[in-house]
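Here the structure is laid out as structure tokens; the discussion comes afterwards.
The values are calculated or read from the model by the stated rules, or taken from the named source; none is laboratory data. None of these values were measured; they are calculated from a predicted model. Positions of Cβ are backbone-derived with ideal geometry, glycine not excepted, and every protein chain shown enters the neighbour counts. These area figures cover heavy atoms from the full protein model, side chains too; ligands, DNA and RNA do not enter into them. Shrake-Rupley method; radii C 1.70, N 1.55, O 1.52, S 1.80 Å.
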Amino acid sequence: MAKSPADSKIKEQKDMINQLNTVVSSQNELIKSLQGTVEECNRTIASLREQVDYLAKKLFGTSSEKSRDVPGQISLFDEAEQEATFESEPDADAEIIVREHTRKAKSTAEDTFRGIPTRDVILPLSEDQKYCKDCGSELEVIGKEFVRKEFRYKPASGEVVYIYRETAKCPKCATKSVMAKNIEFVKAHVPEALIPHSYASASVVAWVMYQKYANAMPLYRQEQDWKQFGAKLSRATLANWIIYCQFPGVINSL
């Protein structure tokens, strides 16, 4: 039995609808796949941005105590350090009262190490310095010369060491009249200071850095420990020691 034109048209429309449904289904699957790709790209971009922000803050961030928001960055000053807190801004017509304050007197080296035991260390002449270069006679020690003062650390204690070095002269050459104005004095060799013009010693700085980085002890707590030993070492002084020993070339170039 032959189909009427209306039936043929209906069949064609059904076939077209089926094809369109197939296309729509394929497009939906493609859209879902693209959405997954976009989400993965967004996560990658967010991760890269975090890394860029972290590296930028670590490279260009300030060295103040307020730079604590960088995860994983080691700071010389810790979150428990004291910070200034600010309240809400006052009104324009409000009266601002400034409290009087007195400036603390600058502490001296004696005040810094008050209560710390002291001892003298005399650096003797080396073997090649003990004999006169002119006549070969054994030199006679005539005194000592003060070189510097160091604060040294011993476990659970500290001591202030006054370093001197021996000064000698030749007893025979010194008696000659022609040498009266040209007496040569020989002085013992002195090891170079860890930090120029500072009383910091290698033992003290090593202990401070060990406590800071190995034991995670902040500088304000180390400041309290040194105070119990009798040494008034501020956290700023300890931080300067660490900075100098970590970056000596940079400090010397400033």
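For region 138-219, applying the loop criterion from DSSP together with a ceiling of 10 other beta carbons within 10 Å to the trypsin sites (Lys or Arg not before Pro) yields LYS181.
Checking the cross-link pairs LYS144/LYS169; LYS133/LYS172; LYS58/LYS154; LYS130/LYS154; LYS154/LYS227 against a 23 Å limit on the alpha carbon distance flags LYS58/LYS154; LYS130/LYS154 as lying beyond it.
Think of a 1.4 Å ball rolled over the protein heavy atoms: region 110-254 then has 61 Å² of accessible area per residue.
Once both labels are positioned 7 Å from their Cα atoms along Cα-to-Cβ, the gap between ILE122 and MET217 label points is 3.6 nm.
Using the alpha carbons alone, the radius of gyration of region 6-64 stands to its Kirkwood radius in an Rg to Rh ratio of 1.61. The largest accessible area among CYS173, CYS135 belongs to the first residue in CYS135, CYS173, and the rest follow in falling order (1.4 Å probe, all chains). Loop-located GluC sites (Glu not before Pro) in region 139-223 (DSSP state not H, G, I, E or B) with no more than 12 neighbouring Cβ atoms inside 10 Å: GLU192. Considering region 145-234, its Cα convex hull presents a mean projected area of 7.8 nm².
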